[in-house]
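The values are calculated or read from the model by the stated rules, or taken from the named source; none is laboratory data. Worth saying up front: this structure is predicted, and the values here are computed from it rather than measured. When we count neighbours, we look across all protein chains shown, and the Cβ atoms used for this are built from the backbone with ideal geometry, even at glycine. For the accessible areas, the whole protein counts, side chains as well, though only heavy atoms, and no ligand, DNA or RNA atoms are used. Shrake-Rupley method; radii C 1.70, N 1.55, O 1.52, S 1.80 Å.
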Amino acid sequence: MHMHAPMVRKVQPIVYFIGLTAALAGLLFGLDVGVISGAQQFIQKDFQIPTWTLESIVSALLWGAVFGTLISGFLSSRFGRRKTILISAVIFIFGSLCCAFSPSENILIGARFLLGIAVGVASFTAPLYLSEISPQSVRGSMISMYQLMITIGIVLAFLSDAWLASYATFNGVTGGHWRIMLGVIALPAAVMFLGVLFLPESPRWLFLKGRKDDAINVFIQMQLDRHETEIEVREIEESLRVKQNGFHMFLQNPNFRRAIFLGVGLQTIQQLTGINVVMYYAPHIFNIAGFTSTEAQMWGTVIVGLTNVLATFIAIAFVDRIGRKPIMYAGFVVMGLALLTVGYFFKSDIETHPELGYPAIFALLMFIVGFAMSAGPIIWILCSEIYPNSGRDLGVTFSTSTNWFVNALVGQTFLTLLNTLGNGNTFLMYGGLNALFIVFFLLYVPETKGVSLEKIESNLLSGLPLRKIGR
């Protein structure tokens, strides 16, 4: 026993190297999501386009991601998790360059759709890879690290947007620099491509393909000791006695359908908290709050992104200690109250009372804290844990494509909602939704902290109520 303790600690560096490199997919995802919020007003000026075309440019990436997710299950099962992440890196590089050189708004929409395919493939495959390669004790933190990289990507995009916008204003450059904003993403995509070349394949996938020796070599590379390797191998072998047959299970097994229902519900909830309204349209929201200069809007957006990064550390620190559900309840309360507050201030007359802009933005930042510490990482963690192994590929496909589908609807409708419901009522509506989500969590969501994937699976398939499958 005494010998065993240092080995567990020794595991960490290589495991975290693998985690960090795979999580670069999250960085690219964040860069692509974040970059459009700063670029859109310049694109609108350059191409002279109406609001709904702008909504289409913002959401083209998201519709592409829906498609990317739908083909990911096939790609990652056919070519392996690692090669699929490499494929997404190539599409990232090509798509970013197409965006930068788009001669018209329609070609830009097409290029954003292409980029979306890469985002969809990466958002499906990277968390799957991380959940399959991480030792059980750090699984939650590893998947949170992927989420953290998304938030860092968003901040870096906001920062480069703000810097380019300030530079352009200072030097009297008009238009054009949005092309640099969109094109620069090709660089980190190339870095990810090179990094992933050095990663091992997922041991679970190798087992699926009957390559047991290769899988054991991966555990040795990760410096697991013999005892830990035996445990991992035994768990994988037991779970793989059941073959991947998601569609058959979906048709035949009502318990599996319940897991799909839960995954779809969780991802719908994550998007309807209202987070991406803030991420895609932050400069616009700052404008409503009375911050009218481009510079104030851009740097305000950077503060939103930084808050998002810092608060994600709360989840990483506590998710494997306190558990998933207590953090989620706290998150919903914070998000709901914050958005109701924003809605209240936006219903007041900010033009005649500009001092209301500051508390409104403070409430907006509190909303970001609530999201980043809870629904941001934890919903992805839950979705990587609730599916039985034989239906995991299909389950993750369902939940991830739901995420992008609802995300795209949110991106495609926000400016229209502001124009029809009004600024205040739009935020009050999103605030109210957060209260409803608490009820969903009470009724249906299990606590999965410290429970092996195999145990969750046997509980689900034995017919236990959804909220009890984490026992």
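Express in % the proportion of alpha carbon pairs of the stretch 6-145 at distances exceeding 23 Å.
The answer is 41 percent, as a whole percent.
For Trp52 and Lys468 in one chain, what is 0.36 nm times their gap in residues minus the Cα-Cα distance, to one decimal in nm?
145.3 nm
At 7 Å along the Cα-to-beta-carbon direction for both Trp163 and Arg257, put a label point, then send me their distance in nm to one decimal.
So the label points at Trp163 and Arg257 sit 5.3 nm apart.
When the Kirkwood hydrodynamic radius is evaluated over all pairs of different C-alpha atoms of the chain, what value in angstrom, to one decimal, is obtained?
Evaluated over the chain, this radius sits at 22.6 Å.
For Asp349 and Ala330 in the same chain, what is the full-extension length gain: residue separation times 0.36 nm, less their Cα-Cα distance, in nm?
3.8 nm
Give the aspartates and glutamates whose C-alpha is closer than 17 Å to that of Lys468, dropping any in the same chain fewer than 8 places away, or say none.
Within the straight-line limit of under 17 Å, Lys468 reaches these aspartates and glutamates: Glu385, Glu447, Glu454, Glu457.
Per-residue ellipticity at 222 nm for the chain, helices alone: DSSP H runs ≥ 4 residues times -39500 (n - 2.57), over residue total, nearest 500 deg cm²/dmol?
-27500 deg cm²/dmol
Can you send over the carbon and sulfur percentage of the accessible area for the stretch 97-179, probe radius 1.4 Å, protein chains only?
Reported share for carbon and sulfur atoms: 71 percent.
Would you give the gap between the C-alpha center of the stretch 253-309 and the C-alpha center of the stretch 407-421, rounded to a whole Å?
Here the two parts' Cα centres lie 12 Å apart.
Helix 81-100 sits at what angle to the longest principal axis of the chain, using alpha carbons and giving 0 to 90 degrees rounded to 10?
Orientation of helix 81-100: about 10 degrees from the principal axis.
Relative to the first principal axis of the alpha-carbon coordinates of the chain, what is the inclination of helix 275-288, with its axis defined by its Cα atoms, in degrees from 0 to 90 and to the nearest 10?
10
How do 311-320, 190-199 rank on mean C-beta neighbours within 10 Å, highest first?
311-320, 190-199
Taking only Cα atoms of the stretch 129-248, what ratio of Rg to Rh do you get with Rh as the Kirkwood inverse-distance radius?
Using Cα coordinates only, the ratio equals 1.19.
If the chain between Lys45 and Ile220 were fully stretched, how many nm would it gain, using 0.36 nm times the residue separation less the Cα-Cα distance?
Using 0.36 nm per residue and subtracting the Cα-Cα distance, I get 57.4 nm.
Please give every one of the aspartates and glutamates within straight-line cross-link reach of Lys347, meaning a C-alpha to C-alpha distance under 18 Å, and leave out same-chain neighbours fewer than 8 residues apart.
Glu355
Ratio of alpha-carbon Rg to the 2.2 N^0.38 Å globular estimate for the stretch 314-420, to two decimals, please. Before the final figure, lay out each step's value.
Values: Rg = 17.5 Å, N = 107, 2.2 N^0.38 = 13.0 Å.
Rounded to two decimals, the normalised Rg is 1.35.
Taking just the alpha carbons, could you work out the radius of gyration and Dmax for the stretch 314-355, both in angstroms?
Cα only, the stretch 314-355: 15.9, 48 Å (Rg, Dmax).
Taking the Cα atoms of the stretch 363-471, report the difference between the largest and smallest coordinate on each principal axis, in whole Å and largest first.
Result, largest extent first: 49, 25, 22 Å.
Could you order the peptides 399-408, 74-83, 337-346 from most to least packed, using the average number of other C-beta atoms within 10 Å per residue?
By packing density, highest mean first, the sequence is 399-408, 337-346, 74-83.
Can you tell me the relative contact order of the chain? Whole percent, Cα pairs under 8 Å, sequence separation 6 or more.
Normalised by residue count, the contact order of the chain is 23 percent.
How far is helix 226-240 tilted off the main Cα axis of the chain, in degrees rounded to 10, range 0 to 90?
With rounding to tens, the tilt is 80 degrees.
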